[in-house]
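Report on the following structure.
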Amino acid sequence: MSLAHNHPAYLAHHFSDMEQQKASAKLGMWIFLLTEILLFGGLFCAYAVFRSWNPQMFLNAHKHLNVILGTVNTAVLISSSLTMALAIRSLQVDKKRPAIIFLLLTLAFAATFLVIKYFEYAHKIHLGQLPGKFYTYTGIEGTNPHIFFSIYFAMTGLHGLHILVGMIVISWVLVNTVKDKYSSEYYTPVENAGLYWHLVDLIWIYLFPLLYLIG
Amino acid sequence: MSQERTHTDHILPNKTYLLVAAALLVFTAITVRVSFIDLGGYNAIAAIAIATFKALLVSFFFMHLLYDKKIYLFVFSIGLLFVGVFIALTMFDTLRRADIYDVTAEPIQKDAVIYQENPADSTRADERSGQH
Amino acid sequence: MSEDQASFLNYPRGIKSWLFTLDHKRIGLMYLIAIMFFFFVGGVLAMLIRLELFSPGKTIMEAHTYNQMFTLHGAIMIFLFIIPVIPAALGNFVLPLMLGAKDVAFPRLNLLSFYIYIFGALFALYSIITGAVDTGWTFYTPYSTESTTSVISMTFGVFILGFSSILTGLNFIVTIHKLRAPGLTWFNQPLFIWGLYATAIIQVLATPVLSITLVLLILEKAFGIGIFDPAMGGDPVLYQHFFWFYSHPAVYIMILPGMGIISETITVFSRKKIFGYKAIAFSSLAIAFVSFLVWGHHMFTSGQSEIAAMIFSFLTFLVGIPSGIKIFNWLATLYRGQISFEAPMLYTLSFLFLFTIGGLTGIFLGTLALDVHLHDTYFVVAHFHYVMMGGTVMAFLAGLHYWWPKIFGRLYNETLAKIAALFIFVGFNATFFVQFILGSRGMPRRYYNYLDQFQPLHAFSSVGSWIMAVGFLIMGFYLISSLFNGKRAGKNPWGALGLEWTISSPPPHDNFAVTPQVSHGPYDYDKIAVERD
């Protein structure tokens with residue numbers, strides 16, 4: 001191996017330099033985000049089809065979602081995106097302590113989001129505003145209101161799952177940051193975790209008006 | 001290996017991130033406010049437009065699309081394009097089903113709890129024909 | 001001998017070094033073995049189906065068993081064999097070699113994708129044991145949500161397999177972009193790479209939609225969410241949109257890498273530069289793009305709107321353009337070449353015949369008015385097998401025979417290989433050509449029983465399947481025996497250009513001792529004299 005000299009530990013053997021490795025990781029991450037967009041795209045398609053078939057029902061049903069909680073959750077996710085971006089910036093300028101604090105804040109915001117979502121879900125389960133054949137609520141006029149809740153739970157459920165996975169990933173990069181594995185020379189995992197986290201935020205940015213703010 | 005970092009990473013100032021986050025919060029407030037004003041058919045368009053603007057802020061600044069290699073922007077756009085193709089071509093079917101032949105069918109009543117409990121509900125076909 | 005000891009096959013040693021290997025060559029080989037196992041299982045199911053159809057009424061099995069058999073044949077052949085076979089097995093092995101790279105971009109993801117494949121396959125096998133699915137491989141609602149067979153475990157298995165496919169696609173795109181040897185530009189890379197690239201794009205764009213479709217189907221079945229259930233205001237045709245948004249591009253996941261192989265073999269065995277390099281390369285991308293616009297041609301008679309059917313029919317004809325460009329370029333490559341008829345070339349020529357028939361009958365089916373008559377008949381079955389088996393499988397066999405000496409460092413028995421190719425070609429046409437006739441006369445697909453008047457043709461088709469089976473048995477025999485007593489292959493037994501033929505067979509653990517410099521095109525047979533070695 002001619003490259004054995006002065007070879008950083010985090011550079012894999014099949015790459016010739018850090019630049020190549022970093023660009024590969026980032027391109028790979030973006031292609032992964034592309035698959036996430038298409039995954040949610042399916043649900044957006046179902047949403048569009050059923051909303052176009054039942055506009056009045058969607059209007060009536062969406063009033064049973066809590067706009068205040070939805071708005072708070074939007075603000076929480078935006079804040080978490082901000083702290084994630086700042087955590088990466090801190091690593092770029094080799095400031096480890098602020099990076100750790102920002103990552104912890106991101107985790108805290110993510111947990112807040114899930115707690116609020118839990119209260120929303122609990123309320124809906126209590127009222128019987130549930131998907132499909134479990135729907136027992138009677139206070140919504142229009143055709144097939146259970147479809148709205150099927151779509152609501154599918155979309156927010158899948159999104160919530162992504163939040164959960166994001167928390168695991170962020171915890172992992174947090175541990176590695178504490179262990180001094182990252183620096184301004186090498187922080188690709190944190191950067192990619194950040195990209196993922198911003199995409200989860202970005203999807204919520206669409207889910208929020210489509211579900212809570214129909215008009 | 002001295003040429004390990006041939007291009008410098010784009011380090012944005014803290015201020016940029018804070019301003020973007022502030023803009024995102026402001027537009028969240030705007031979109032909530034707008035949803036309570038009746039704009040006729042334009043509420044949905046307004047909501048999507050504001051969401052798209054917010055999405056651009058997140059992707060351009062937080063995700064660095066504006067500064068990074070353009071191929072990432074290309075990959076991202078491809079995703080949006082194909083979601084668009086998926087929705088558009090599907091809705092060519094779902095919105096245009098009764099164009100030539102009258103295919104408005106009665107819903108199948110069979111063991112659907114929904115229909116047994118809300119017999120007064122109008123059928124989907126009714127609601128659709130009301131749109132035209 | 002020292003060369004042999006350093007090959008990837010026996011360095012490092014030990015079972016653990018295989019199970020945890022990050023070497024793309026070993027992962028490709030493990031894929032090949034697993035996929036060939038499922039090809040065998042799917043093939044046995046096909047033989048049983050043909051045997052049952054030998055005569056009307058019950059021949060060897062009950063109707064319900066028959067339904068399960070054709071579902072499993074379809075699901076196994078598509079999700080476990082034909083989608084991964086060329087990219088994950090051959091592509092994994094050859095792609096980094098062609099690029100002059102040491103490995104794919106993400107070796108760990110590569111291994112992960114293999115184990116995800118195995119895990120998904122185990123789920124599929126589990127569903128067979130617990131009452132095999134009888135819905136057909138398309139899992140159409142509402143029947144799939146009502147069937148009492150193990151739809152959930154089967155669809156969950158397919159859901160998992162999707163991740164394997166996505167990871168392979170992601171890995172290949174990044175590898176092709178980032179791990180190119182110096183001098184290897186986009187337009188002097190082998191066309192197989194273009195084929196894999198176009199395939200990978202479809203894999204990452206379409207497979208996520210399959211994932212969400214299957215999630216919704218499982219939710220529908222488990223929790224009755226009603227999105228696809230007409231009894232609850234849902235729409236079963238919407239399921240078909242979801243399903244075919246993936247599954248139509250998926251048939252191009254199957255054929256595009258095969259077309260890549262054909263571009264390789266056709267030049268090597270006619271000792272001639274490829275005709276229309278850029279046209280072939282861009283037509284791969286064009287097929288990938290258009291593949292996303294035509295899914296509705298599977299739903300002409302399912303109750304979608306007439307305007308959608310017309311749009312989809314029109315767009316479907318567009319696929320014929322890039323496919324035709326490829327066929328004509330290959331023919332022009334053959335023209336005045338020094339053609340030699342070794343086994344890979346026999347499969348390549350089979351591909352050209354059979355894929356052309358398959359492609360042209362596809363245009364019949366894409367024609368709206370004609371499809372009303374032909375849909376859901378054996379005409380569709382014959383068309384599909386001509387494209388998939390006559391196209392992809394023939395291309396795969398061409399590739400397998402072409403790279404076999406490179407993978408294992410052994411030559412197979414060429415005479416037996418030619419005999420097997422003949423059996424397979426004759427048997428294939430005997431099996432499937434009559435199905436065009438059956439279909440055009442109204443024999444519906446998937447039916448257990450049929451009218452007496454169809455019996456002679458069905459019997460002919462079944463006999464054809466036996467001829468084909470003999471061909472595959474011969475192939476299995478000479479390929480396996482070549483591993484033990486085949487002649488040792490040199491670096492370049494076909495006298496081919498291309499980086500994979502510049503290193504020893506089987507390749508050493510690290511592929512290239514020195515990163516190669518590329519200074520010529522992949523098919524410059526007119527400029528460079530390559531000796532067989």
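The values are calculated or read from the model by the stated rules, or taken from the named source; none is laboratory data. Worth saying up front: this structure is predicted, and the values here are computed from it rather than measured. All Cβ positions, glycine included, derive from the backbone under ideal geometry; neighbour counts span all protein chains shown. Remember, those area values only see protein heavy atoms, side chains included, never the ligands or the DNA or RNA. Shrake-Rupley method; radii C 1.70, N 1.55, O 1.52, S 1.80 Å.
Annotations for the structure displayed:
- Principal axis analysis of the Cα atoms in the range C:293-361 yields extents of 52, 19, 15 Å, listed in decreasing size.
- Remark: accessible area buried at the B-A interface is about 5600 Å², both chains counted, probe radius 1.4 Å.
- Inter-chain shielding of B:36-48 (mean C-beta neighbours from other protein chains, 10 Å cut-off): 3
- Average projection, convex hull of the Cα set of the range C:228-382: 10.0 square nanometres.
- With a Förster radius of 60 Å applied to the beta-carbon distance between C:F282 and A:H126, the computed FRET efficiency rounds to 0.55.
- Compared with the alpha-carbon gap, the fully stretched path from C:A459 to C:Y115 is longer by 119.7 nm at 0.36 nm per residue.
- Theoretical FRET efficiency, 1/(1+(r/R0)^6), r = Cβ-Cβ of A:V165 and C:E146, R0 30 Å, to 0.05: 0.35
- Simple label model, 7 Å out from Cα along Cβ direction - C:I339 to B:F53, nm: 6.5
- Cα extents of the range B:12-106 along the three principal axes, largest first (Å): 61, 38, 17
- On the principal axes of its alpha-carbon atoms, the protein assembly as shown has extents of 79, 79, 45 Å, going from largest to smallest.
- Trypsin sites (Lys or Arg not before Pro) within the range A:114-215, DSSP loop, no more than 15 other Cβ atoms inside 10 Å: A:K179, A:K181
- Radius, Kirkwood style, for the range C:437-509 when every pair of distinct Cα atoms is counted (Å): 16.8
- Simple label model, 7 Å out from Cα along Cβ direction - A:K181 to C:K418, nm: 5.8
- Viscosity 1.306 mPa s, temperature 10 °C, Stokes-Einstein D of the range C:99-148 from Kirkwood C-alpha radius, µm²/s: 116
- Computed log10 I(q)/I(0) for chain C at 0.13 Å⁻¹: -1.37, from the Debye equation with unit scatterers placed on every C-alpha and solvent omitted.
- Counting only protein heavy atoms and a 1.4 Å probe, the protein assembly as shown has 38 square angstrom of accessible area per residue.
- Here the range C:69-198 is treated as an ellipsoid with the same Cα gyration tensor; its semi-axes, largest first and in whole Å, are 35, 13, 10.
- Packing-based order for C:351-361, A:61-71, using average beta carbon neighbours within 10 Å, highest first: C:351-361, A:61-71
- Taking all C-alpha pairs of the range C:353-492, those more than 17 Å from each other amount to 64 percent.
- Convex hull volume of the range C:133-173 per residue (C-alpha atoms, cubic angstrom): 64
- Sorting the Cα pairs of the range A:51-212 by distance into bins of 10 Å, from 0 upward, gives 10, 36, 25, 16, 9, 3 percent per bin.
- √(5λ) per eigenvalue of the Cα gyration tensor, the range C:314-424, largest first, Å: 31, 17, 11
- Electrostatic tally near C:G258: other residues with Cβ closer than 12 Å to its Cβ, Lys and Arg +1, Asp and Glu -1, net 0.
- Taking a point 7 Å out from the Cα of C:H520 in the direction of its Cβ, the residues of the range C:329-360 whose backbone N falls within less than 17 Å of it are C:338.
- Using the Cβ-Cβ distance between B:L80 and C:A513 with R0 set to 56 Å, the FRET efficiency works out to roughly 0.80.
- Two-decimal Rg/Rh across the range A:158-215, once Rg and the Kirkwood Rh are taken from alpha-carbon atoms: 1.15
- Semi-axes of the equivalent ellipsoid for the range C:212-303, computed as √(5λ) from the eigenvalues of its C-alpha gyration tensor and ordered from largest down, come to 41, 13, 9 Å.
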